[in-house]
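What follows draws every value from the coordinates through simple rules; no lab data is involved. Treat the numbers as computed from the prediction; the structure is a model and nothing was measured. Reconstructed Cβ throughout: ideal geometry from the backbone, glycine too, with neighbour counts over all protein chains shown.
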Amino acid sequence: MQSPRPPGPIDATEGVRPALDDDIVAATARFVLKTLAIVTMEVRKLRHDPTEILTRAIQPLLWLLVFGQVFGRLHALPTGALTYSEFLAPGILAQSVLFVAIFYGISVIWERDLGIVHKFLVTPTPRAALVLGKAVSAGVRALSQALIVYLAALALGVRLNAAPQALLGVVVLIMLGAALFASFSLIIASLVKTRERFMGIGQVLTMPLFFASNAIYPTSIMPGWLRSIAEVNPLTFEVDGLRALMLKGSASSLGLGIDFLVLAAVLALLVLLGARLYPRIVT
């Protein structure tokens, strides 16, 4: 008969790791729920003001219908197998996302003046959830721009890729790009703290971000100093990904995985920075 094995040493960590894993899952779930609560609150504002969608539709339509048609007749830009309208459509969508998101921080200044920010800060909601929730809601708002640009592009004969996976990729890129620039906007709002200064800085930033990208012309024709800026501009990666996913027969020049990775990494960095600076809006 086999003798019983002597009891081994007691593992002090037994049962600790499963409990720790459960705590991490529960904390993550609470963070996601609080973030979604902020998103829901922000999206309700859009439902109460649907005219914002219509007013924001004017600018991309003008770029596509006027700028795109005029420059398309010149045949001066090397767009490869794409017509200029096809080359331009993803860039204008990215521009629309940028313009929606870059002024999103002014809502934080309004909320501070109304005392809403003070109420947020005394709740147990993590600051990162507040910043990320507002950033994601900017992405939801930006999706309306995608519908407008897609309809205008179809009317202009642009060969759009209607594959479900491509459309899903476009949605993710729009959400990432809008959230990124909205987080950047919230950081600016936390630093300048007044509407007048914020609007001035926002207007100064939008045009350089737009023109120092591949939105309306390829980076290959840029002077060296401008190309160097474009290569680190997040908008360049967003346009590159949108161009690969939106258009039939188009491919990413930077790598589609790189486009997603860069946008996600910059967004994470800006959310963490915004979470640190967000309370400063009230001081």
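A few comments on the model shown:
- Taken about its Cα centre, region 176-259 carries a charge dipole of roughly 200 debye when the Cβ of each Lys and Arg holds +1 and the Cβ of each Asp and Glu holds -1.
- Trypsin sites (Lys or Arg not before Pro) lying in DSSP loop within region 193-283, provided at most 14 other Cβ fall within 10 Å: Lys248
- Magnitude of the charge dipole for the chain, about its Cα centre and with charges confined to Cβ atoms of Lys, Arg (+1) and Asp, Glu (-1), is about 540 debye.
- With neighbour counts taken as other beta-carbon atoms within 10 Å, the residues Asp23, Asp240 rank, fewest first, as Asp23, Asp240.
- The mean sequence separation of alpha-carbon pairs under 8 Å and at least six residues apart, normalised by the residue count of region 21-282, gives a relative contact order of 27 percent.
- For the chain, leaving out every one of the GluC sites (Glu not before Pro) that falls in a DSSP loop and has at most 15 other Cβ atoms within 10 Å, the longest unbroken run is 15-230.
- Restricting attention to region 21-282, the count of lysine pairs at 8 or more positions apart or across chains with alpha carbons under 23 Å apart stands at 9.
- Option label - volume of the Cα convex hull per residue in Å³ computed here, alternatives (i) 161; (ii) 213; (iii) 121: (ii)
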